[in-house]
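Below: the structure, in C-alpha cells.
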Amino acid sequence: MTKPVLIVGAGFSGAVHARLLAEAGYHIDVIDVRPHIGGNAYDHVDANGIRVHAYGPHLFHTKNRQVAAWLRGFGDFVDYTHKVRALLPSGDLAPLPINLDTVNLVFGTAYTTAEQVATHLARVAVPNPAPANAAEYLYAQIGRELTDLFFRPYTKKMWQFDLEDMASSVVKRIPLRTDRTDTYFADDELQMMPREGYTAVFARLFDHPGISVTLQTGFDHSMLGDYSFCFNAMPIDAYFDYAEGELPYRSIRFHTRTITDAPPQDWSVTNYTDTGNLTRETRWDCLPHHIVTETGRRTITAEEPCDYRDNNRERYYPVKTADNRFQGIYAKYQKLSDELSSKLAFIGRCGTYQYLDMDQVINQSLASARRWLASRS
C-alpha cells in the first residue's frame, strides 16, 4: 500500500490498532478531537501533586493473561486490588459488592459463614427462572431490600431509567458474594495499575516511527480519499449524520475538591446510595503511585451522571435497556457500515456501541488488527 492508514481516536482501540499496524510496516495517521492522547483513560498530575484520571477511575483488571502481557510491554505495572464502599443512610460504610459484612450491616444479623448468608438471601429472594430486566434479576438473587438500597437509586441516577427498564446485563457486571471477600474485581486474577499513569503508556504505544498523531482534529469524510483504510472510533451515528436516529449515551460531570485532613483508608471509591445527584467519589491518593509530589493536599472527585447532550456531547456509557430499543437503532448503522467494509471499520466503545472494559477493548483491537493484517498478507 502506498497510502497510509487513518485511525480516528487516540484511546485504547485506536492506539492498539496503530501500534500493530505500524509494527507490520504501515504508516499510520492518528487523529483525535481532544487535546490529549489516551481517550477516556487519560490521566495527569494536578496542582495538589496527585495523579487524577480526567474521566473517572480506570482500573485495569482481566482474566486474559495474553492481553495483560501485551500491555505490560508498554509500561511498568504494579499490583492493585480495588475496593469500594457504599455509604448507607445510617452513615455506615458497607462493602460493595454485597458480601457477608454488608448483609450483617443492613439486616442487623451476626452471620459468620457464607452458608448462613446464602440461606438468608435465598429466603428474601423473589424466585424468577427467566428475569426479563435488571429488577427481576436482582430480586431473584438478593431480594427487594438490598436491591432497592444498593441498586435502585444508583441506577436511576446513572441511567435515568428504573431497574425495570434496564437490561439485566447492566447489573450482572457486579458480582454478589456470601463470604467476607471485599475486593471489587475478585473474580479477575490480574489487577494492575501503570506506575507512571495511563498517559505514559499511551505515549509509548504511539512511540513508533510509523505513527503520526494529530490532536484537536476531528474526522471529516473528505479525509478518506487520502488513505487506504480507516479504523474509526468516533460515534457511529455521528459518522452517518444521525440518519437512523441518535444513539443515547450517559455522560458524567466531575466535581473535584481539595482536602488537607485526609484520614487513611484502604479503599479509593465510595458509592452513594441516596437519591441525590452524585453516584460516587474517588479519592485519588488511595490508588498506588498517585501521590506524585507530596504537598499535604489530597484530591477527591465526585461524579454526577447526565445526558451526554448536556455535557458538551461527551459520550461515556451506551444505554442498554431491557427491550433493546437502542440496539435496534445501532443495528441499522451496523448495516450501513457493512457497505463500507472495504475501506472503513468502526472500533471501540462508540464505534460499536458497547460498554467495554479496558481489557475487552484491547483484546478486541488486537484481534481486529491481526485479522486485517492477515487479510492483506
* Leu340-Tyr355 pseudo-label distance in nm [points 7 Å out on the Cα-to-Cβ vector] -> 2.7 nm
* Asked: What's the extension gain from Met223 to Ile259 if we count 0.36 nm per residue and subtract their Cα-Cα distance?
  -> 8.3 nm
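Would you mind computing Rg(Cα) / (2.2 N^0.38 Å) for the stretch 99-172, counting N as its residues? Intermediate results must be reported in sequence, preceding the final value.
Details: Rg = 12.8 Å, N = 74, 2.2 N^0.38 = 11.3 Å.
For the stretch 99-172, the normalised Cα radius of gyration is 1.13.
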* Structure fact -> At the level of C-alpha centres, the distance separating the stretch 65-79 and the stretch 293-327, in angstrom, is 26 Å
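Could you rank the peptides 343-351, 311-319 by their average count of other C-beta atoms within 10 Å per residue, with the highest value first?
Details: 343-351: 22.0, 311-319: 17.0.
Peptide ranking by packing, descending: 343-351, 311-319.
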* Which is farthest toward the positive dipole end of the chain among Tyr330, Pro318, Phe151, measuring Cα position about the Cα centre, with Cβ charges +1 (Lys, Arg) and -1 (Asp, Glu)? -> Tyr330
* **Relative contact order of the chain, defined on C-alpha pairs under 8 angstrom at six or more residues apart (%)** => 28 percent
* Asked: Which of the peptides 146-152, 163-169, 111-117 is most tightly packed, and how do the rest follow, judged by the mean count of other Cβ atoms within 10 Å per residue?
  -> 146-152, 163-169, 111-117
* Structure fact -> Here the gain from full extension of Tyr242 to Thr2, 0.36 nm per residue of separation minus their alpha-carbon distance, amounts to 83.1 nm
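Please report, in debye to the nearest 20, how large the charge dipole of the stretch 99-172 is about its Cα centre when each Lys and Arg carries +1 at its beta carbon and each Asp and Glu carries -1 there. Show your work: numbers first, answer last.
On the way: 6 positive and 8 negative charges, 15 e Å.
Roughly 80 debye for the stretch 99-172.
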* Listed residues Ala132, Gly38, Ser13: farthest to the positive end of the dipole of the chain (Cβ charges) -> Ser13
* Structure fact -> Here, GluC sites (Glu not before Pro) of the stretch 222-298 satisfying both criteria (DSSP loop; at most 14 other Cβ within 10 Å) are Glu246, Glu294
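At a Förster distance of 41 Å, what's the computed FRET efficiency of Ile174 paired with Leu215, Cβ-Cβ distance as r, to 0.05? Don't skip to the end; give the middle numbers.
Values: r = 35 Å, r/R0 = 0.86.
Calculated transfer efficiency: 0.70.
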* Structure fact -> The residues Ile174, Ile252, sorted from fewest to most surrounding Cβ atoms within 10 Å, come out as Ile174, Ile252
* **From the coordinates shown, P(r) over Cα pairs in 10 Å bins from 0, in percent corresponds to which of [x] 5, 24, 33, 25, 11, 3, 0; [y] 5, 21, 30, 26, 14, 4, 0, 0; [z] 5, 24, 34, 25, 7, 2, 1, 0** => [y]
* FRET efficiency, 1/(1 + (r/R0)^6) with R0 25 Å, evaluated for Arg204 and Ser377 via beta carbons -> 0.40
* In whole angstrom, how far apart do the alpha carbon centroids of the stretch 128-165 and the stretch 226-282 sit? -> 22 Å
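Coordinate-derived values only; no laboratory data. Since the structure is predicted, the reported quantities are computational estimates derived from the model, not experimental observations. Using ideal geometry, Cβ is built from the backbone for each residue, glycine included, and neighbour counts are taken over all protein chains shown.
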